[in-house]
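The values are calculated or read from the model by the stated rules, or taken from the named source; none is laboratory data. Just so we're clear, the structure is a prediction, and the values are computed from it rather than from any experiment. Here Cβ is always computed from backbone atoms with ideal geometry, including for glycine, and neighbour counts include all displayed protein chains. For the accessible areas, the whole protein counts, side chains as well, though only heavy atoms, and no ligand, DNA or RNA atoms are used. Shrake-Rupley method; radii C 1.70, N 1.55, O 1.52, S 1.80 Å.
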Amino acid sequence: MNCADVEALHAERWFHTIELPDGSCTPGVFDMRSCSARLDWPALTGARCLDVGTCDGFWAFEIERRGAAEVLAIDVDDPWQLDLPQEVRDRDIEELRRSAARRKKRFEMAAAARSSRVRRIACSVYDLDPAMHGVFDVIFCGTLLIHLRDPVRALRRIAGVCAGELMLLETVDARLDLLHPSSPCARLEPAPLQWWRANTAGLHAMLRLAGFEVLSTSPRFLTPHGAGLSSGRPQGARARASAWARTRLAASSAPLVTRSLGLVFGNYDVAIRARPRAGVRPAAVVL
Ligand SMILES: C[S@@+](CC[C@H](N)C(=O)[O-])C[C@H]1O[C@@H](n2cnc3c(N)ncnc32)[C@H](O)[C@@H]1O
């Protein structure tokens, strides 16, 4: 990378913290490196993998780094394909277009800097199709379901291209988890531009309804913020407290710390490994 490339990279506002060959990182709002280190990954060596809703590409590059033979990354470039309330789309369409273009550009810059072979295509999760995209040994889907009006339909489309395992990393509603540990529940519009935030039992139910069986569920964890959180954004006391807690305490794997902070901030994350149930064959998905 030459100096101009490094400067251009650091001038962007990144969602992900991505390591670059010169030893620096993109200044992301989130730093998921420690989460990846803790995940119980399925075998990736030589695998054909898919990253759904890749954004800046952290997880796609991570899967490539962990030995995948091929990684396809998908995201939505046309804001009309995002599940947004009609009035938000009508009001913010130009800004949404710019933000989608910036997201694509960030992925491309990071991929070029890392000399990555990950292939990114514009595709909604709802349009995954085994006839067009093939099937995958490992599929990663991170923090996407909360942004979808129909998460079960999305999971069903993922099942349709899954010949191995799904690693679902998703935000969980910590209060619903505490109040209803074994009843599937979800909160509607837990935050602006989010549709559903389920409890852990709710995520398990969505997976089952989409044709998956759950193999394992990780301990709850907090995703740490990265250096980009505060850049250029005015922050209130709550956001500052959240940032402090997420950056300083997220490294703690103590369940009590995670659960308590989850209750204060309303959410934490969980990673669930699942595979399509016997009989749910890729070509059998019609939705
Ligand atoms: C919160 S970000 C999560 C990024 C990344 N997967 C992660 O775990 O850090 C959600 C991403 O999903 C993408 N997305 C939203 N709707 C989508 C859809 N219908 N199909 C595919 N990607 C979608 C967004 O553009 C955004 O990049």
Which one of the conditions (1) among the aliphatic types (A, V, I, L, M); (2) at pLDDT 95 or above; (3) within 20 Å of the chain's Cα centre (by Cα) does A69 fail to meet, given that it meets all the rest?
-> (3)
Which pairs have Cβ atoms under 9 Å, sit 6 or more apart or on different chains, and link a residue in the stretch 99-115 that is farther than 22 Å from E70 by Cα to one that is open to solvent by 70 Å² or more (accessible area, probe 1.4 Å)?
-> R102/R13
Filtering the stretch 35-64 down to residues that are near the ligand (Cβ under 9 Å from one of its atoms) and touching a Cys at 6+ places or on another chain (Cβ under 7 Å) yields V52, G53
Hey, T200 closer than 22 Å to C55 by Cβ, hydroxyl-bearing (S, T, Y), surrounded by 20 or more Cβ atoms within 10 Å (Cβ to Cβ) and touching a helix residue (DSSP H, G or I) at 6+ places or on another chain (Cβ under 6 Å) or not = no
Any pair with Cβ under 7 angstrom, 6 or more apart, that starts in the stretch 48-67 at a residue that is within 18 Å of P27 (Cβ to Cβ) and ends at one that is among the small types (G, A, S) and assigned to a loop (DSSP other than H, G, I, E, B) | F61/S116
Hey, E170 in contact (Cβ under 8 Å) with a residue 60 or more places away in the chain, away from the ligand (no atom under 13 Å from the Cβ) and surrounded by 17 or more Cβ atoms within 10 Å (Cβ to Cβ) or not | no
Counted residues, the stretch 114-129 - those being part of a helix (DSSP H, G or I) and open to solvent by less than 40 Å² (accessible area, probe 1.4 Å) = 2
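When you scan the stretch 205-218, do you find a residue that is out of contact with any strand residue (DSSP E or B) (no Cβ under 7 Å at 6 or more places or on another chain) and within 16 Å of the ligand (Cβ to nearest atom), even just one? Walk me through how you get there before you give the answer.
Going residue by residue through the stretch 205-218, those that are out of contact with any strand residue (DSSP E or B) (no Cβ under 7 Å at 6 or more places or on another chain) are 205, 208-210.
Subset that is within 16 Å of the ligand (Cβ to nearest atom): 210.
Yes, the stretch 205-218 contains a residue that is out of contact with any strand residue (DSSP E or B) (no Cβ under 7 Å at 6 or more places or on another chain) and within 16 Å of the ligand (Cβ to nearest atom).
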Scanning for something near the ligand (Cβ under 9 Å from one of its atoms) and of a type in the set (G, A, S), does the stretch 128-136 turn up at least one residue?
-> no
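Does A111 count as more than 12 Å from the ligand (Cβ to nearest atom), crowded, with 22+ Cβ neighbours inside 10 Å, hydrophobic (A, V, I, L, M, F, W, C) and modelled with pLDDT of 95 or more?
Values: more than 12 Å from the ligand (Cβ to nearest atom): yes; crowded, with 22+ Cβ neighbours inside 10 Å: no; hydrophobic (A, V, I, L, M, F, W, C): yes; modelled with pLDDT of 95 or more: yes.
So A111 fails the test.
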Which one of R89, R149, R153 is under 17 Å from W195 (Cβ atoms), in contact with a Leu (Cβ under 8 Å, 6 or more places away or on another chain), open to solvent by 70 Å² or more (accessible area, probe 1.4 Å) and more than 9 Å from the ligand (Cβ to nearest atom)?
-> R153
So Q81 clears everything in (1) of a type outside the set (D, E); (2) buried (at least 17 other Cβ atoms within 10 Å of the Cβ); (3) in contact (Cβ under 8 Å) with a residue 40 or more places away in the chain; (4) within 12 Å of the ligand (Cβ to nearest atom) except one condition, right? Which one?
-> (2)
The number of residues in the stretch 134-146 that are part of a strand (DSSP E or B) and either open to solvent by 40 Å² or more (accessible area, probe 1.4 Å) or among the β-branched types (V, I, T) (or both) is 3
